[in-house]
Amino acid sequence: MKRNASTEFLYQLFALITAAILVHAVYVTLVRPQAEAIVQHQMELQEQGEAFVTERSLFVVLKDYEQEACFILMLWALAIMGYKAREVMSERKLLQASILNLREGVTILPEDARDLSRPIQSLPITQQAMLLPRSLLKALQRFDSSKSVTDAANAVRETCETESDRLDSELAMIRYIAWAIPSIGFIGTVRGIGEALGQAHKAVEGDIAGVTVSLGVAFNSTFIALVISIVVMFFTHQLQLMQERLVLDTENYCDSNLLRFLTVRD
């Protein structure tokens, strides 16, 4: 579907801003206060010399800035995929419609192509821009000009292949986000290990609290990033599957509802 590029860009920008606001609000009001309270309580018990078992709290695992950034990117990617999935479902609705209303046994000659194009051209502009109407119209126009059924079939195939390439290229941003999420996790790992090494002298003196917290930052950021990356990649592949099925079903629709009726006089 040929969409307004500026509209999609504004949607993506609004989705990014909204995701950042929502995630940051949750972190400021819930995650970080809870994590700080848990860490403070554990430090107090350690200073008192009491025996205790350190519990792995979800709030502590999520509290750092790298994890927050990963959640923002995840929501952004899901919003973009939701936008594209809605478009695919809108296009699939046309596959259930009888645009040309051809009866079984009807033959279409090249001189009939222009008359058959009118129902397609009378569709709303938004529907005319979808893959199925474009494929049907391109096939009829090619059949009218070349008087060849093979050329009409090639027109459908070319339109579907072009659409498939376009849909694949538009997934580039989502793939970039899926790559960026674990990269941010590794940044947290480097930051945590760097902080731990900076406090190595305290560990030698017997104070390992700072080193433990820093190593927690290192491993927690990578853990959360990899989990989120798995989720994003799963939905990315599901969206790609929907798009590929749309293209294949459109090509089959054109073959079953138009191309098999085309006939050229000897």
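Condition check ((1) without any contact (Cβ under 8 Å) to a residue 60 or more places away in the chain; (2) touching a strand residue (DSSP E or B) at 6+ places or on another chain (Cβ under 9 Å); (3) part of a loop (DSSP other than H, G, I, E, B)) across all residues:
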residue	(1), (2), (3)
Arg86	yes, no, no
Ser98	no, no, yes
Gly105	yes, no, yes
Arg114	yes, no, no
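For the stretch 140-181, taking the residues that are buried (at least 21 other Cβ atoms within 10 Å of the Cβ) and over 31 Å from the mean Cα position of the chain (by Cα), the one that is farthest from Ile72 (Cα to Cα) is identified as Phe143. Of all residues in the stretch 116-133, those being farther than 11 Å from Leu258 by Cβ, touching a residue at least 60 places away in the same chain (Cβ under 8 Å) and in contact with a helix residue (DSSP H, G or I) (Cβ under 6 Å, 6 or more places away or on another chain) number 2. Consider Ala69 carefully, then state whether it is modelled with pLDDT of 90 or more, in contact with a helix residue (DSSP H, G or I) (Cβ under 9 Å, 6 or more places away or on another chain) and closer than 22 Å to Leu239 by Cα. Criteria not met by Ala69. Considering the conditions (1) of a type outside the set (A, V, I, L, M, F, W, C); (2) modelled with pLDDT under 95; (3) within 30 Å of Lys93 (Cβ to Cβ), Gln238 is excluded by exactly one of them, (2).
The values are calculated or read from the model by the stated rules, or taken from the named source; none is laboratory data. Keep in mind it's a predicted model, so treat the numbers as computed, not measured. For neighbour counting, all protein chains shown are included, and Cβ atoms are generated from backbone atoms with ideal geometry for every residue, glycine included.
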